[in-house]
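Take a look at the structure below.
The values are calculated or read from the model by the stated rules, or taken from the named source; none is laboratory data. None of the values given here were measured: they were computed from a predicted structure. Heads up, the Cβs are rebuilt from the backbone with ideal geometry, glycines too, and the neighbour counts pull from every protein chain shown. Side chains are part of the model used for accessible areas, which takes the heavy atoms of the whole protein and leaves out ligands, DNA and RNA. Shrake-Rupley method; radii C 1.70, N 1.55, O 1.52, S 1.80 Å.
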Amino acid sequence: MHELVQDYYGKQLQHSGDLKTSACCDASQVPSWLKPLLSNVHPEVQARYCGCGLVCPPLLDGCRVLDLGCGAGRDVYLLAQLVGPDGEVIGVDMTDEQLVVAEQHRTWHAERFGHANVRFVKGYIERLDALDLQPGSFDVIVSNCVVNLSPDKPAVLAGVQHLLKPGGEFYFSDVYADRRVPAAVQSDPVLYGECLGGALYWNDFLTLAKDAGFADPRLVSDRPLTITDPALAGRIGSVRFFSATYRLFKLDGLDSACEDYGQAVIYRGSIPHCPDRFTLDKHHDIETGRVFPVCGNTWRMLHDTRFAPHFSFIGDFSRHYGLFPGCGGGLPFDQATGGAGAACC
């Protein structure tokens, strides 16, 4: 599969307009604060972009960030502006043609940003341990519509777990299916290159994430995908595909479900570009100044990570009240656009 992906993204696709589905394109609305940063990215780099989401989580100033499957480097150059001169962004990709474009414009971006904090490494995201990357050295790892292309997804997640600092997070967008993808779809070279053939059944992904040590994967956002090419649409049958963004925190000792310890948090409104609310995930839209009940895992995702200075914390783990109501079960993705909940799920 490596050769297929290298050919598709190195030779078949010259720009995002060559794509045949809505899977590998960013349909997310770019927030207003990010648009000036996007305009600082070289046009050739932008033209080669084939991501499926927006992988710029908040609070990256000074962070060390790794981008898996960075391609021509659009997200790397966006993140480089967010981490600032005291941070670093490293992009990993296996496709020579993509890395050539990324490297060609490295000096151009450094001059535009006023600092040089980017480097690119050729390698496979299933073999991160073979690269010159220090274990436990990254605050945040991102990936944009790439994990589905990997033939060894457990190895990718294991590598991410190995490289993250305690309290670090894997924040990534990818493509998922509502069922296990049939062999005929998996073996179709175009459907695989378009990020559909290698898509995981969402519940299998949750199992893999937990097996890799990410006990409580959090869904941030999702959208259903459309197949714009009629011939391809006929080849996928009744499988439904979704683009989804997850965040996985490296935190030991998380519960396997949303356990209620009578805890709550109060958001101070101090995270840049989030003055009125902070959205941790699809079910935790935390309004500034309001006491917000949370489960023990959510409490720790805020208390034991880079988000801690921006919250006040109520309670501890001394008393247990059981599960939060409504915790668990069912397809997590919206089949049409929808909003987020306002309580721990």
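Within the stretch 293-322, being within 13 Å of Gly262 (Cβ to Cβ), not basic (Lys, Arg) and not in a helix (DSSP H, G or I) holds for Pro293, Val294, Cys295, Phe313, Ile314, Gly315, Asp316, Phe317, Ser318, His320, Tyr321, Gly322. Residues of the stretch 246-263 that are open to solvent by 10 Å² or more (accessible area, probe 1.4 Å) and more than 20 Å from Gly213 (Cβ to Cβ): Asp260, Tyr261, Gly262.
A quick yes/no check of all residues on (1) closer than 20 Å to Val55 by Cβ; (2) small (Gly, Ala, Ser); (3) modelled with pLDDT under 95:
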position: Ala155; (1), (2), (3): no, yes, no
position: Leu163; (1), (2), (3): yes, no, no
position: Pro217; (1), (2), (3): yes, no, no
position: Thr228; (1), (2), (3): no, no, yes
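Within this structure, Val45 passes the test of being touching a helix residue (DSSP H, G or I) at 6+ places or on another chain (Cβ under 9 Å), open to solvent by less than 40 Å² (accessible area, probe 1.4 Å) and farther than 24 Å from Thr279 by Cα.
The number of residues in the stretch 53-70 being open to solvent by 10 Å² or more (accessible area, probe 1.4 Å) and among the small types (Gly, Ala, Ser) comes to 2. On the stretch given as the stretch 303-331, residues that are open to solvent by 30 Å² or more (accessible area, probe 1.4 Å) and among the polar types (S, T, N, Q) total 2. Do the conditions hold for Asp222, that is, is it surrounded by 18 or more Cβ atoms within 10 Å (Cβ to Cβ), at negative phi and of a type in the set (Asp, Glu)? Spelling it out, Asp222 is indeed surrounded by 18 or more Cβ atoms within 10 Å (Cβ to Cβ), at negative phi and of a type in the set (Asp, Glu). Residue-level analysis places Arg300 outside the set of residues that are surrounded by fewer than 17 Cβ atoms within 10 Å (Cβ to Cβ), among the basic types (Lys, Arg), more than 30 Å from Thr226 (Cα to Cα) and free of Cβ contacts under 8 Å to residues at least 60 places away in the same chain. The condition of being surrounded by 16 or more Cβ atoms within 10 Å (Cβ to Cβ) and part of a loop (DSSP other than H, G, I, E, B) holds for only one of Ile271, Ile286, Ile266, that being Ile271. Considering the stretch 105-197, the qualifying strands (runs of 3 or more DSSP E), each wholly inside and each with 3 or more residues that are over 30 Å from Ala215 (Cβ atoms), run over 118-122. Are any of the residues in the stretch 169-189 within 29 Å of Pro309 (Cα to Cα) and either of a type in the set (A, V, I, L, M, F, W, C) or at pLDDT below 95 (or both)? Looking for residues that are within 29 Å of Pro309 (Cα to Cα) and either of a type in the set (A, V, I, L, M, F, W, C) or at pLDDT below 95 (or both), one finds at least one in the stretch 169-189, hence yes. Applying a threshold of 6 Å to beta carbon distances and a minimum spacing of six or more residues, or different chains, the list of pairs starting in the stretch 91-106 at a residue that is closer than 12 Å to Glu44 by Cα and surrounded by fewer than 19 Cβ atoms within 10 Å (Cβ to Cβ) and ending at one that is of a type in the set (Ser, Thr, Tyr) and modelled with pLDDT of 95 or more is empty.
Starting from residues that are closer than 17 Å to Pro57 by Cβ and in contact with a Lys or Arg (Cβ under 7 Å, 6 or more places away or on another chain), keep the ones in the stretch 126-151 and report whichever is surrounded by the fewest Cβ atoms within 10 Å (Cβ to Cβ). Per the criteria, the residue is Asp139.
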